[in-house]
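One structure is given below, encoded as C-alpha cells.
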C-alpha cells in the first residue's frame, strides 16, 4: 500500500488534479491513510466539478446534434465515469465517444459545424485503419477536445480483437450528470478500463486503475465475472487484462476477487502473444520502438506494407506540423531525416526483440 513519501511518484503521470480521485478510491481500502492538505483537495474538487459541468453542457449540444442525424453514440472513459463517481472527482481532458466507423464522415461534418477542428494533421488519408480514434478541438478560454472512437483503443495489438457489434448489443441507457446517454455494459466498461490502463501503463495508468476499482465497487453483484472472463479468453486479451487487474489489486486490494486473478494466471498464451506482451512491458521498451513492432506483428499481412508506407512517408501537412518546418523548400531533407531515424530505430528495436528471445 502506498505511503505519504511516494504519493508524488504514484501521481507522476497524472499530476495533482488526480489527488481527489486517488484519495476517494484509496480510502475505501485503507481508511487510515492520511493525505496531506485536505483543503487543497477540496479546492481541486471544486475546480474539477466546475470544469466537468462546463464540458457536459457542450456534450449535450453534441449528443443532440448526433441524435438529430440518427447517429448512435456511446459514452466512454471520463464522460461515462462522471455518472459513476461523486461530482468533482474524475477529471477528464477530452470527451470520448464511441461511434460506428462508417458514420465517421457524418460525425466529422457535425463537429466541424459546431466549431471543432483537427487537433493535428493525419499521416495520410486511410490512416484510420491503424488507429481507433481521431481528435478534434474547439479553441476557447477552456479548449474542448472531442475524440470519436470506433473501437476501444488502437486496433493493434489488442483492441481490434473485440466483437464490436456484440458490445453495442449490450449497451444500456443511463443518466450521466443529467444527460440521457448510452454506456457500455459493466463487463465491457471494465474491459475497456483494463485495455486503457495497459495502453498507458508507463505513466498515465492511475486514472484507469481508479476506474477499475470504482467499477467493481459500483456494480458489485451486477458484474458478471464469468461472462467477463469468458470474453477475455475468447478475445485472447488475458495478458493485458491480467496486467491491469494485478496493478489495481496492488493499490486497492479489496477491489479484485482473488478467483479472477487465479483464473487469469492459469491461462497459457501462445508464442506470438507472449512475445508481443514482452515487447510492450519489458523495461526499456519505451525507447526501443517496440510499440511499432508489436502493432506490425499483430496486423494482417495485407496491411503491413501500407502501415510502413504511412509512417515513413506522411503527407506534406503532417510533416510541416510534426517537424515545425517554416522553410518548405527544406521538406525533402526532413523526409530523409525521417528515413534515417526510422532505420536507426529499427536496428535498435530488432536488437531489443532478439535479445529478449534469447
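Some observations on this one:
- Residue list for segment 203-232, filter: over 21 Å from the mean Cα position of the chain (by Cα) and without any contact (Cβ under 8 Å) to a residue 40 or more places away in the chain: 219, 220, 221, 222, 223, 224, 225, 226, 230
- When residue 283 is tested against (1) under 28 Å from the mean Cα position of the chain (by Cα); (2) assigned to a loop (DSSP other than H, G, I, E, B); (3) farther than 30 Å from residue 238 by Cβ, only condition (3) is not met.
- Counting only helices (runs of 4 or more DSSP H) that sit completely within segment 72-172, those holding 2 or more residues that are surrounded by fewer than 15 Cβ atoms within 10 Å (Cβ to Cβ) correspond to 104-113, 164-169.
- The residue that is surrounded by the fewest Cβ atoms within 10 Å (Cβ to Cβ), among those in segment 173-197 that are in a loop (DSSP other than H, G, I, E, B) and either outside the structural domain of residue 61 (by TED's automatic domain parsing) or modelled with pLDDT under 95 (or both), is 178.
- Residues in segment 318-351 that are within 26 Å of the chain's Cα centre (by Cα) and over 27 Å from residue 282 (Cβ atoms) were compared, and the one that is surrounded by the most Cβ atoms within 10 Å (Cβ to Cβ) is 319.
- Some residue of segment 198-218 being touching a strand residue (DSSP E or B) at 6+ places or on another chain (Cβ under 9 Å), surrounded by fewer than 16 Cβ atoms within 10 Å (Cβ to Cβ) and not in a helix (DSSP H, G or I): no
- Residue match in segment 255-263 (condition: at pLDDT below 95 and closer than 30 Å to residue 49 by Cβ): yes
- Count of residues meeting criterion [closer than 23 Å to residue 250 by Cβ and surrounded by fewer than 19 Cβ atoms within 10 Å (Cβ to Cβ)] in segment 25-40: 10
- Residue within segment 55-76 that is in the same structural domain as residue 212 (by TED's automatic domain parsing), out of contact with any strand residue (DSSP E or B) (no Cβ under 8 Å at 6 or more places or on another chain) and at positive phi present: yes
- Any chance residue 338 is part of a helix (DSSP H, G or I), within 25 Å of residue 279 (Cβ to Cβ), assigned by TED's automatic domain parsing to the domain that holds residue 283 and in contact (Cβ under 8 Å) with a residue 40 or more places away in the chain: no
- Some residue of segment 253-271 being free of Cβ contacts under 8 Å to residues at least 12 places away in the same chain, exposed (fewer than 15 other Cβ atoms within 10 Å of the Cβ), within 23 Å of the chain's Cα centre (by Cα) and outside the structural domain of residue 193 (by TED's automatic domain parsing): no
The values are calculated or read from the model by the stated rules, or taken from the named source; none is laboratory data. All of these numbers come straight from a predicted model, not from anything done at the bench. Note that we place each Cβ from the backbone using ideal geometry, even for glycine, and neighbour counts take in every protein chain shown.
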